[in-house]
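Peer 1: Can you read through this structure? Questions will come right after.
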Amino acid sequence: MEEMALEKVHPAKAPYGYIRNSETGHLEIEPIEAKVVKEVFELCKQGKSIRSIATTMKEIMLI
């Protein structure tokens, strides 16, 4: 994926946290999904397990 990004080749479907601009075809950050991605990485940095992160995210979605 990193090599593709460096070569400016993007997958057909935009990764979670991004949307494809219909006019330019470039990937752009999707603000709401980007917040979710940042939260997952923050929980990971805090040493949380995958199960704990999933539980936390599930609880957040229910609120």
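The values are calculated or read from the model by the stated rules, or taken from the named source; none is laboratory data. This one's a predicted model, so the numbers in the text were calculated from it and none came from an experiment. We place every Cβ from the backbone using ideal geometry, glycine too, and count neighbours over all the protein chains shown. To get the accessible areas, we keep the full protein, side chains included, count just its heavy atoms, and leave off ligands, DNA and RNA. Shrake-Rupley method; radii C 1.70, N 1.55, O 1.52, S 1.80 Å.
Peer 1: How many residues, within the stretch 14-63, are surrounded by 10 or more Cβ atoms within 10 Å (Cβ to Cβ) and assigned to a helix (DSSP H, G or I)?
Peer 2: Looking only at that region, the number is 20.
Peer 1: Between residues in the stretch 34-52 that are without any contact (Cβ under 8 Å) to a residue 60 or more places away in the chain and residues that are open to solvent by 70 Å² or more (accessible area, probe 1.4 Å), which pairs lie under 7 Å by C-beta distance while being six or more apart or on different chains?
Peer 2: Filtered contacts from the stretch 34-52: VAL37/TYR16.
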